[in-house]
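As structure tokens, the structure follows; a few thoughts come after it.
The values are calculated or read from the model by the stated rules, or taken from the named source; none is laboratory data. Everything quoted here is computed from the prediction, not taken from an experiment. Using ideal geometry, Cβ is built from the backbone for each residue, glycine included, and neighbour counts are taken over all protein chains shown.
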Amino acid sequence: MPSFEREFAVKRTFKAKLTADSGGLFFEVPFDVKAVFGKARAPVSVSLGRYTYPSTVAVYGGKYYVPVRREHREASGVKPGKIISIRLELDETKRDIAVPSDLARALVESAGGKQHWQKLSYTRRRERVQAILAAKRPETRARRVAKAVAPARDKR
């Protein structure tokens, strides 16, 4: 996006407390996300200090929350219980993830595999790819590739 358009992008800065629950870390968004960003589960760019990452606003019990995954906690240095300054900006860039060659091959070989993959949310695709890439043994990787393709096979 050209810089002059970015200046007019929808963004909000606020302070929030980082809360831990069931091993996850998140913060509550203190405004009506749907009114500000146009939809409740808005894709956003989250800035915690100088660290920025993409996320999606979650809605639970009529309140808005943004998760802070471990990789983002470590990179930004935030800790549960601390009140920090946060900037949320509507993120309208296309989100996609590179598919490893073994998964791509399995999706092509599976009837309906590519179509099923395209229907998954960015988050689900990212989780599956990260699990495959994190495998240390070839057997584990092959099992995770098969598991990622299995839902498409089950729908036949």
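If I go through the stretch 33-55 residue by residue, how many of them are among the β-branched types (Val, Ile, Thr) and either more than 17 Å from Tyr122 (Cα to Cα) or more than 16 Å from the chain's Cα centre (by Cα) (or both)? Don't jump to the end; show me each part of the working.
If we filter the stretch 33-55 for residues that are among the β-branched types (Val, Ile, Thr), which is where we start, we get 33, 36, 44, 46, 52.
Those still in the list that are either more than 17 Å from Tyr122 (Cα to Cα) or more than 16 Å from the chain's Cα centre (by Cα) (or both) too: 33, 36, 52.
Residues meeting the conditions: 3.
The rows are residues; the columns are (1) of a type outside the set (A, V, I, L, M, F, W, C); (2) in a loop (DSSP other than H, G, I, E, B).
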site	(1), (2)
Phe26	no, no
Pro54	yes, no
Tyr64	yes, no
Glu74	yes, no
Lys79	yes, yes
Leu88	no, no
Lys94	yes, yes
Val99	no, yes
For this session: Could you pull out the residue among Lys94, Lys79 that is of a type outside the set (S, T, N, Q) and within 14 Å of the chain's Cα centre (by Cα)?
Result: Lys94
Exercise. Restricting attention to the stretch 128-142, which residues are part of a helix (DSSP H, G or I) and either aromatic (Phe, Trp, Tyr) or surrounded by 14 or more Cβ atoms within 10 Å (Cβ to Cβ) (or both)?
Worked result: Arg128, Val129, Ala131, Ile132, Arg141, Ala142
For this session: Just give me the residues in the stretch 73-86 being in contact (Cβ under 8 Å) with a residue 60 or more places away in the chain and more than 11 Å from Ala16 (Cβ to Cβ), in sequence order.
Result: Lys79, Pro80, Gly81
Problem set entry | Residues satisfying the stated conditions in the stretch 15-66, i.e. basic (Lys, Arg), out of contact with any helix residue (DSSP H, G or I) (no Cβ under 9 Å at 6 or more places or on another chain) and either touching a residue at least 12 places away in the same chain (Cβ under 8 Å) or buried (at least 17 other Cβ atoms within 10 Å of the Cβ) (or both) | Lys15, Lys17, Lys63
Exercise. What's the number of the condition Tyr64 fails, among (1) closer than 21 Å to Tyr122 by Cβ; (2) over 16 Å from the mean Cα position of the chain (by Cα)?
Worked result: (2)
For this session: Mind listing whichever residues of the stretch 83-121 are surrounded by fewer than 18 Cβ atoms within 10 Å (Cβ to Cβ), hydroxyl-bearing (Ser, Thr, Tyr) and modelled with pLDDT under 90?
Result: Thr93, Ser121
